[in-house]
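Below is one structure, written out as structure tokens, with a few remarks after it.
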Amino acid sequence: MLNPISAAFKKAKQENRSALLTYTVAGDSSKKQSLDILKSISKDADILEVGVPHNTPVADGSQIQTSAYRAIKNGIKMNDIFKIVKDFKQSNKYKPIILMGYFNMIFQYGENNFLNKCRSSGVNGLIVVDLPWPENKYFAKKCKKKSIYFIQLLSPTTTKIRLKKIIKDSHPMSYFISMLSTTGGKLKVSPKDILKNYIKIKKIDPKKEVVIGFGITEKTIGKFKSADGLVVGSAICKEISNSLKHRQNPVTNVSKLVKKLKSKII
Amino acid sequence: MKLKKKIPLIDQVSKSGFWGNKFGGNFVPETLKKPIEDLEIQFNKLKKDKKFINERNRYFKNWIGSPTRFIKLEKLTNHIGGAQIWSKVVSDANGGAHKVYNATVHCLLAKRSGKKIICGDTGAGYAGKMLSMAAKKFGLKCKIFMGAKDIARQQPNVKAIKKNGAEVIPVYSGSQTLVDAVSECMRFWVANCDTAAMCVGSTVGPAIFVRICGWSTSQISRELKVQLIEEFGSIPKKLKLYNCVGGGSSSFGFWNEFMDYDKKQCEFIGVEAGGPARSKKHAAPLTYGSKIGILHGAAQYVNQDSDGQIEETESISAGLDYPGVSPLHCFLKDTKRARYTAASDEEALNAFKTVTKYEKLRPSLEPSHAFSVAIKEAKKLSKDTIIVVNSCGDAYKDRGILEKRLGRKYVKPN
């Protein structure tokens, strides 16, 4: 069977658009609510990134940190996260889910245990922020054996030679970090320049999917339409924070936002 | 796992940055791979460059003021009545603590690579103070990240940082202490690594930072070795080196030159922060058997829960209040070259009282932890045993805490 991640890209291509990837933190603001959000936004999002909250996230800006701290404070544990994924998959088997987090959580769970659990709960891909290439080679191979995509990160600082080597080892999807920033930073590079870098990466192996993330919001998403996929994370986390602040329903508000995001790339 | 002889410990590292295939590494976001690699290439080249070494030595001598004193604590020794207690007064260094060595080297490197900004973390405020001082000296713009809790409890150093023209950025996330300051500083570097250099304030972080810091603070043991030979004619037959361990930069620097001696002749004792006697929280991952985990880019023993969330620490001393510890110390623990133990807040305060009662030395709360264990063990040791305690910081920064906990008479009026 085709990995649902690849299937999602295929579908978006057929519809002549980029795939929309959302990022929400598991357990934000509660286990149930984060599951409800996933269920609700899955109508418009093509791929769901589920953040594994960690309390020393060295690459996340304030919005995602706030979401992560909120989830941890509400008691989320690794096993709860797998349960959220499993419950979601029972309602929507083919919607791809990617877990995104920091390596210590995997390390403590045990690499093999973690991957087995991913497999049994229905995780389709993994992004490990602090496990760069080539250190991730061995783990990526293990992922492949379980039919889980290990998604390589690429950055504006990644040298040309390195890009080639990473893409060569990469699974069908990679993630291009648009600019030098933590998550949720304001777009400080022009979309044109970002796309120029993106095209350079695409040329290395056009068959492999590359998504763009960091700095993508309702305002900017329309400018990146030509990419294989676009990730929106901090803007969604911010929406949850704002909803809670104004005593509104985060599920409704986030769903509206995701719908709007989608409308901008159709 | 084995310690090799004749190779500096900072160089007993694998290509991917591990000591003993287990500790350290480079668990960093992709964006930092290139700046880290650049720094590695630069450092590996310069540490063999005689001109660079001379330049470093010149700054160490003329600006930092090397060597710092090595003194006998005569009255304290008589009072305790066991081993001879000596101290290496590293707080003599310009700025008042060992952090100045690492800060100076990082600024020298940043200057050479054409960086305009340098960012750094700080707990007790010494790393920040020294970096701001060095940045000013070398004409670099400086940003210091510091937990809000530490800003409140280490005001004298905060004032000094600002006076040096650096920006102090308060960190409100998590426990609002050193661990959060390091995270925030790394985030700043992720977003600004094209123009900014980063100075990690201790022997922690991605492998290259562990190595640069260890290389810098080793000045302490280079001086001590000469001073011991001057004093005793040779390295004493029974030598014990006590040092507090937070991240582990002063202790590593205090021990490095003695690494190849047999531990029966030259023993290393690292003292971690045990926290308040009544609290379960501590900052002593080596003493209390914390599991290996990844923190700030490196695998190390670290206080964490079963999921891998980093646990909050508690210690009266902001400089030791860190849940992890240098990969170098993890390696020294596992190879049994060093012995680690902890002192509580109260024990450190008592040691401070004892030392200041008998000597004209005012160790900050960090080295007071080391003094606590040294005093305790000295009683049982023979008179020909030489104990040296690294007094790596001055208590001036702790005046607020000392006044609150011990009363006015323990605060010096300056």
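No lab work stands behind these numbers, since they all come straight from the coordinates. Computed from a predicted model, the values in this text were never measured in an experiment. Methodologically, a virtual Cβ is constructed for each residue, glycine included, from the backbone with ideal geometry; neighbour enumeration extends over all protein chains shown.
List of remarks:
- Residue B:380-residue B:49 pseudo-label distance in nm [points 7 Å out on the Cα-to-Cβ vector]: 5.0
- Counting only aspartates and glutamates at least 8 places from residue B:409 when in the same chain, those with an alpha carbon closer than 18 Å to its own are B:346, B:359, B:394, B:398.
- Simple spin-label estimate for residue B:291 and residue A:145 in nanometres, 7 Å along Cα-Cβ: 2.2
- Cα-projected label distance for residue A:192 with residue B:280, points at 7 Å along beta-carbon direction, nm: 6.0
- Within straight-line reach of residue B:281, meaning a Cα separation under 22 Å, sit the following lysines at least 8 residues removed in sequence or on another chain: A:73, A:77, B:149, B:291, B:333, B:404.
- Within chain B, percent of DSSP bridges classed antiparallel, to nearest 5: 30
- Averaged over the residues of A:58-67, the number of partner chain Cβ atoms lying within 10 Å of the residue Cβ comes to 4.
- Using a Förster distance of 45 Å, the FRET efficiency for residue B:57-residue B:152 (Cβ separation, nearest 0.05): 0.75
- Pairwise FRET efficiency - residue A:246 versus residue B:264, Cβ, R0 = 51 Å, nearest 0.05: 0.15
- Peptides A:106-114, B:252-260, B:326-334, B:166-174 ranked from most to least packed, by the mean per-residue count of other Cβ atoms within 10 Å: B:326-334, B:252-260, B:166-174, A:106-114.
- For residues of B:306-314, the mean tally of beta carbons on other chains within 10 Å: 6
- Over 30 Å apart at the Cα level, from the set B:129/B:357; B:129/B:376; B:141/B:360, are B:129/B:376; B:141/B:360.
- Of the chymotrypsin sites (Phe, Trp or Tyr not before Pro) found in region A:140-203, none is in coil by DSSP with at most 16 other Cβ atoms within 10 Å of its Cβ.
- Calculation over all alpha carbon pairs of region B:107-153 in 10 angstrom steps from 0 returns a P(r) of 30, 49, 19, 3 percent.
- Legend: residue pairs A:13/B:34; B:72/B:379; B:136/B:397; B:47/B:336; A:86/A:144; B:51/B:143, Cα-Cα distance threshold 24 Å; pairs beyond threshold, A:13/B:34; B:47/B:336; B:51/B:143.
- Leading residue at positive end of dipole, chain B (Cβ point charges), from B:300, B:176, B:381: B:381
- For region A:100-247: rounded, prolate or oblate by the Cα gyration tensor [a/c cutoff 1.5]: oblate
- Averaged over the residues of peptide A:51-57, the number of Cβ atoms from other protein chains lying within 10 Å of each residue's Cβ is 6.
- Ordering A:50, A:173, A:253 by the projection of their Cα atoms onto the charge dipole of chain A, which places +1 on the Cβ of Lys and Arg and -1 on the Cβ of Asp and Glu, puts A:173 at the extreme positive end.
- Adding -39500 (n - 2.57) for every DSSP H run of four residues or longer, then dividing by how many residues chain B holds, sets the calculated 222 nm ellipticity at -12000 deg cm²/dmol.
- Where a label projected 7 Å from the Cα of residue A:92 along Cα→Cβ would reach, residues of region A:221-257 with amide N under 17 Å: A:230-233, A:236-237, A:240, A:250-257
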